[in-house]
1. Would you mind finding the one in 57, 62, 35 that is surrounded by fewer than 11 Cβ atoms within 10 Å (Cβ to Cβ), at pLDDT below 85, within 30 Å of residue 83 (Cα to Cα) and small (Gly, Ala, Ser)?
2. Taking into account only those residues within region 87-144 that are in a helix (DSSP H, G or I) and among the charged types (D, E, K, R), which is modelled with the lowest pLDDT?
3. Restricting attention to region 94-105, does a residue exist that is surrounded by 11 or more Cβ atoms within 10 Å (Cβ to Cβ) and in contact with a Gly (Cβ under 9 Å, 6 or more places away or on another chain)?
Amino acid sequence: MHSIRYYGWYSNKARGMRRKRQQAAADAAATAFGAGLPTPPFLALPVSSEPPPRSRASQTWAMLIKRVYEVDPLACPTCGGRLKVLAFIEPPQAEVIEKILRHCGLWNPPPARGPPAADGSVHDPNEPRELTYVDSDTFEATLWADF
């Protein structure tokens with residue numbers, strides 16, 4: 001996959017810092033020149049009361065899912081109306097996910113795990129548990145003898 005990475009002047013961080021500096025300069029100019037003095041033209045920035053528009057990536061996730069899977073994720077399966085995203089629940093919130101699934105009747109608890117098998121022991125309890133030195137040739141010979 002081809003990817004383009006922006007850094008330096010074009011990086012998201014640099015653009016955000018420039019935007020913050022411009023907004024701070026505009027706010028400082030508005031307070032300094034607010035007593036009837038005209039704002040210098042180099043500090044005059046268009047300031048709107050509307051919040052900045054959401055990024056294109058956050059607006060188009062539903063469109064991308066629709067393109068790939070050919071299903072509109074924001075269409076109601078029963079009436080066909082538009083759904084609205086209220087919140088995103090991420091996996092670390094296991095209690096919240098379980099509560100929602102229980103409320104919807106979709107919770108299937110995992111089956112209880114049985115006891116471990118008796119023959120799956122790691123060592124023989126009759127042998128002493130001491131560390132002994134074995135050279136590499138003996139170790140490799142005994143390791144591959146069973147195969």
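1. The conditions single out 57.
2. Across region 87-144, the extreme among qualifying residues is 140.
3. no
The values are calculated or read from the model by the stated rules, or taken from the named source; none is laboratory data. All values derive from a computational prediction rather than experimental measurement. For neighbour counting, all protein chains shown are included, and Cβ atoms are generated from backbone atoms with ideal geometry for every residue, glycine included.
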